[in-house]
Amino acid sequence: MKKYKLSLGIALVSLGLIAGACSSNRNMSSSGNKVEQAADKADAELDKERADLKLEIQQGLDKLDTRLDKLRAEAKDASGDAKDNLDEQVKKLEKSRDRMNNYLSDVGKQTKSNWQKFKADVRSSFEEVKEDIKD
């Protein structure tokens, strides 16, 4: 009888430990889900910011292309110093366009840790050429 009570006691204690471990796992799993959900939300926000910045870069490139086409047409009809000046403007804008194209291709490669700096660099570059692309 003592062996039976001892075995029964051990079995009950074991069940209690197992039940406690299962409950603890559920709590840890719930916490893990919350962390995972927060990470997913942050990833989704970064993806949206990337898409927005890509659109902004593409719109800037479109403006640059329009301005470049206009300057090239003017340079074609110009001569002397005026032509040299226009050709110089074209070269400058072509370099800016190359830089913007590089930014466009690099948007998707940026991580959370360097995103803000990258975005600031892009916007700074846009500010540098903004006056040049105005008519």
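Quick one: would you say residue 15 is at pLDDT below 55 and either loosely packed, with under 12 Cβ neighbours inside 10 Å or not in a helix (DSSP H, G or I) (or both)? Give the steps one after another, and end with the answer.
Values: at pLDDT below 55: yes; either loosely packed, with under 12 Cβ neighbours inside 10 Å or not in a helix (DSSP H, G or I) (or both): yes.
Criteria met by residue 15.
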Restricting to region 72-101, and then to whatever is small (Gly, Ala, Ser) and assigned to a helix (DSSP H, G or I), can you tell me which residue is nearest to the chain's Cα centre (by Cα)? 96
Could you check region 105-135 and list, in sequence order, the residues that are within 20 Å of the chain's Cα centre (by Cα), surrounded by 17 or more Cβ atoms within 10 Å (Cβ to Cβ) and either of a type in the set (D, E, K, R) or part of a helix (DSSP H, G or I) (or both)? 107, 118, 119, 122, 125, 126
If only one of 105, 96 is under 17 Å from residue 68 (Cα atoms) and among the hydroxyl-bearing types (Ser, Thr, Tyr), which one is it? 96
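Scanning region 85-104 for residues that are of a type in the set (A, V, I, L, M, F, W, C) and without any contact (Cβ under 8 Å) to a residue 24 or more places away in the chain, which turns out surrounded by the fewest Cβ atoms within 10 Å (Cβ to Cβ)? Break it down stepwise before answering.
Kept after step one, since they are of a type in the set (A, V, I, L, M, F, W, C), are these residues of region 85-104: 86, 90, 93, 100, 104.
This time we only want the ones that are without any contact (Cβ under 8 Å) to a residue 24 or more places away in the chain, so: 86, 90.
Working: 86: 19, 90: 17.
Of everything passing the filter in region 85-104, 90 is surrounded by the fewest Cβ atoms within 10 Å (Cβ to Cβ).
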If the requirement is being under 16 Å from residue 53 (Cα atoms) and not hydroxyl-bearing (Ser, Thr, Tyr), which of these qualifies: 89, 116? 116
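Name the single residue, out of those in region 29-71 being among the basic types (Lys, Arg) and under 20 Å from the mean Cα position of the chain (by Cα), that is farthest from residue 127 (Cα to Cα).
First, the residues of region 29-71 that are among the basic types (Lys, Arg): 34, 41, 48, 50, 54, 63, 67, 70.
Of the ones still in play, those that are also under 20 Å from the mean Cα position of the chain (by Cα) are 41, 48, 50, 54.
Details: 41: 31, 48: 22, 50: 19, 54: 16 Å.
Checking each candidate, the answer is 41.
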Hey, among 42, 38, which residue is small (Gly, Ala, Ser), out of contact with any helix residue (DSSP H, G or I) (no Cβ under 9 Å at 6 or more places or on another chain) and either part of a helix (DSSP H, G or I) or surrounded by 15 or more Cβ atoms within 10 Å (Cβ to Cβ) (or both)? 38
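The values are calculated or read from the model by the stated rules, or taken from the named source; none is laboratory data. Every value quoted in this text rests on a predicted model; they were computed, and no experiment measured them. Don't worry about glycine lacking a Cβ; one is built from the backbone with ideal geometry, like all the others, and counts go over all protein chains shown.
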